[in-house]
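A.B. asks: Once you've had a glance at the structure underneath, I'll fire off some questions.
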Amino acid sequence: MGKSIIITGATGTAGSQLLREALADNEISSVTVLVRRPLDIQHPKLKVIIHPDFLNYTGLEGLFKNSDACIWCLGISQALVSKEEYIKITYDYALAAAKAMSTINPQMTFVFLSGMGADSREKSRVLFAWVKGKTENALKALPFKHFYIARPGGIIPTTKKANMHFKEKASLFAARIMGAIVPSTVITSSELGRAMLNFVKNGSDKVIHENKELKKRISA
């Protein structure tokens, strides 16, 4: 029997490609996405739940109880929002959801999409590094049976995203340059999606996976 998974951030670069990979994966039996607005995709395995408040999960108890895993891809660039908003989206949203899920179904696998440079010591002066590290540590303390952290470097979209913000275009350009110089520091969104699905299907003997390790998971 295939795995039943939840995906957040399904409209972003990583999450949207993860959704495509999950729908095409024969080992994934059903996919539920929590989004704020409808998706322009339909599939027999897909259920879309419009969820306006990512701090409140009342009413989703049945979904959490019957799901095998959640892959948390919800996030935003620190360059696009205020410090307060970045903390709320990155830390508060993820922790609120994970607490609800681990309380209802601690047997779930929870995969958190973090990023290269996340600071587990929580001492970095870089907002991204500090908040991602703080979020990783808080999630790690929850009683999930299986918990994994993906720390990709530069993400190259496999499918071109429409209406990219100019700051997103700049980040993509930088990632392409970085990939040309040091290929091991970048990953395609397709590779990242398959690596995170691999955690759900096959598990791992470690929690944190840096970019090089994510690329190896594809053939694991």
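The values are calculated or read from the model by the stated rules, or taken from the named source; none is laboratory data. Keep in mind it's a predicted model, so treat the numbers as computed, not measured. Here Cβ is always computed from backbone atoms with ideal geometry, including for glycine, and neighbour counts include all displayed protein chains.
A.B. asks: Cβ contacts < 8 Å: first residue assigned to a helix (DSSP H, G or I), restricted to segment 126-140; second residue modelled with pLDDT of 95 or more and among the acidic types (Asp, Glu), any location; separation 6+ or different chain. Result?
C.D. replies: ALA129/ASP119; TRP130/ASP119; TRP130/GLU122; LYS132/ASP119; GLY133/ASP119; GLY133/GLU122; LYS134/GLU122; ASN137/GLU122
A.B. asks: Can I ask one more? Filter segment 97-107 for residues that are more than 15 Å from the chain's Cα centre (by Cα) and in contact (Cβ under 8 Å) with a residue 24 or more places away in the chain and give the result.
C.D. replies: If the condition is that a residue be more than 15 Å from the chain's Cα centre (by Cα) and in contact (Cβ under 8 Å) with a residue 24 or more places away in the chain, then LYS99, ALA100, MET101, SER102, ILE104, ASN105, PRO106, GLN107 are the ones that fit.
A.B. asks: Working only within segment 46-65, note down all residues that are outside any strand (DSSP E or B), surrounded by 12 or more Cβ atoms within 10 Å (Cβ to Cβ) and of a type outside the set (D, E, K, R).
C.D. replies: Selection gives HIS51, PHE54, ASN56, TYR57, LEU60, LEU63, PHE64.
A.B. asks: Pick out the one residue from ALA118, ALA98 that is closer than 24 Å to ARG194 by Cβ, part of a helix (DSSP H, G or I) and at pLDDT 95 or above. Talk me through it step by step, then tell me what you get.
C.D. replies: Working: ALA118 fails: part of a helix (DSSP H, G or I).
The match here is ALA98.
A.B. asks: If you check ARG194 against the conditions, is it modelled with pLDDT of 95 or more, among the charged types (D, E, K, R) and in contact with a helix residue (DSSP H, G or I) (Cβ under 7 Å, 6 or more places away or on another chain)?
C.D. replies: yes
A.B. asks: Return only the number of the condition from (1) part of a loop (DSSP other than H, G, I, E, B); (2) free of Cβ contacts under 8 Å to residues at least 60 places away in the same chain; (3) touching a helix residue (DSSP H, G or I) at 6+ places or on another chain (Cβ under 6 Å) that THR90 does not satisfy.
C.D. replies: (1)
A.B. asks: Here's a follow-up. I'm checking my understanding of the structure. Among residues of segment 77-117 that are more than 23 Å from GLY59 (Cα to Cα) and of a type in the set (D, E, K, R), which one is surrounded by the most Cβ atoms within 10 Å (Cβ to Cβ)?
C.D. replies: Going through the qualifying residues, I end up with GLU85.
A.B. asks: Working only within segment 36-45, note down all residues that are modelled with pLDDT of 95 or more and surrounded by 12 or more Cβ atoms within 10 Å (Cβ to Cβ).
C.D. replies: HIS43, LYS45
A.B. asks: For GLU21, indicate whether it is farther than 22 Å from LYS201 by Cβ and in contact with a helix residue (DSSP H, G or I) (Cβ under 6 Å, 6 or more places away or on another chain).
C.D. replies: no
A.B. asks: Report yes if some residue within segment 16-39 is in a loop (DSSP other than H, G, I, E, B) and basic (Lys, Arg); otherwise report no.
C.D. replies: Yes.
A.B. asks: Quick one: how many residues across segment 17-45 are over 20 Å from PHE110 (Cβ atoms) and touching a residue at least 24 places away in the same chain (Cβ under 8 Å)?
C.D. replies: We begin by selecting, within segment 17-45, every residue over 20 Å from PHE110 (Cβ atoms); these are 20, 23-24, 26, 36-45.
Filter again for touching a residue at least 24 places away in the same chain (Cβ under 8 Å), leaving 20, 26, 37, 39.
Final tally of qualifying residues: 4.
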